[in-house]
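What follows is one structure encoded as structure tokens, with my remarks underneath.
The values are calculated or read from the model by the stated rules, or taken from the named source; none is laboratory data. Computed from a prediction, not measured in an experiment: that's the story for all the values here. No Cβ is skipped: glycine too gets one built from the backbone with ideal geometry, and neighbour counts run over all protein chains shown.
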Amino acid sequence: MGIIDGKTICQVAMVVKDLEKTAGEYAKLFGVPMPEIFQVPPQEIAHTQFEGEPTKTRAKLAVFDLGQVVLELTQPDEEPSSWKDFLEKNGDGIHHIAFTTKDRDAVVKYFEEHGMPIRHYGEYPGGNYTVFDSREKFGTFLQVKEQE
């Protein structure tokens, strides 16, 4: 068994320049109401880090529930973040694919031992997320979410 169970996929996340416009297009495509737009909690709550340094990013997000998987749209702000860096280098696109884990420490160890350090980390009520610098090996960043 691998370090990540592929059946725990829970999210496809895109970075976009214009959250309201893109979310509106997806809402029309799916025939659903526009989801609530919210912000990443402040650094004091989220303990957000980008490349090992604290960041005050308050990116805006909208989430579509697609069953087992959610589609997360993120519009970065001007603070340092993986989202801002991705948007500046690539434009709109898929930032990461996320999986749930019950053993974040083992996953972190695996990725770091295989040359894919933590790129971005943050916390939210009930859990945390870790994005790894895995794009070279997997074609996108991979993320694990650990629920409390």
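Just to check your reading of the model, which residue among GLY24, GLY31, GLY67 is of a type in the set (Gly, Ala, Ser) and either under 23 Å from LEU142 (Cβ atoms) or in contact with a strand residue (DSSP E or B) (Cβ under 9 Å, 6 or more places away or on another chain) (or both)?
GLY67
Answer with yes or no whether VAL63 is in a helix (DSSP H, G or I) and at pLDDT 95 or above.
no
Here are some residues: GLY6, GLY31. Which one is free of Cβ contacts under 8 Å to residues at least 12 places away in the same chain and either loosely packed, with under 12 Cβ neighbours inside 10 Å or acidic (Asp, Glu) (or both)?
The conditions single out GLY31.
Condition first: among the aliphatic types (A, V, I, L, M) and under 22 Å from PRO41 (Cα atoms). Now tell me which residues in segment 52-93 satisfy that.
If the condition is that a residue be among the aliphatic types (A, V, I, L, M) and under 22 Å from PRO41 (Cα atoms), then ALA59, LEU61, ALA62, VAL63, VAL70, LEU71, LEU73, LEU87 are the ones that fit.
Among the residues of segment 75-100 satisfying the criterion of being out of contact with any helix residue (DSSP H, G or I) (no Cβ under 6 Å at 6 or more places or on another chain) and in a loop (DSSP other than H, G, I, E, B), which is surrounded by the most Cβ atoms within 10 Å (Cβ to Cβ)?
SER81
Among all residue pairs at least 6 apart or on different chains, which show Cβ distances below 8 Å where the first residue, located in segment 50-66, is closer than 9 Å to PRO35 by Cα and the second is assigned to a loop (DSSP other than H, G, I, E, B)?
As it stands, the answer is ALA62/MET34; ALA62/PRO35; ALA62/GLU36; VAL63/PRO35; PHE64/VAL32; PHE64/PRO35, since those pairs meet every condition given.
Identify, by number, the condition in (1) over 20 Å from HIS95 (Cα atoms); (2) of a type in the set (A, V, I, L, M); (3) touching a His at 6+ places or on another chain (Cβ under 7 Å) that VAL15 doesn't meet.
(1)
Does GLU20 fit the bill of being at pLDDT below 95 and either in contact with a Cys (Cβ under 8 Å, 6 or more places away or on another chain) or over 14 Å from GLY93 (Cα atoms) (or both)?
no
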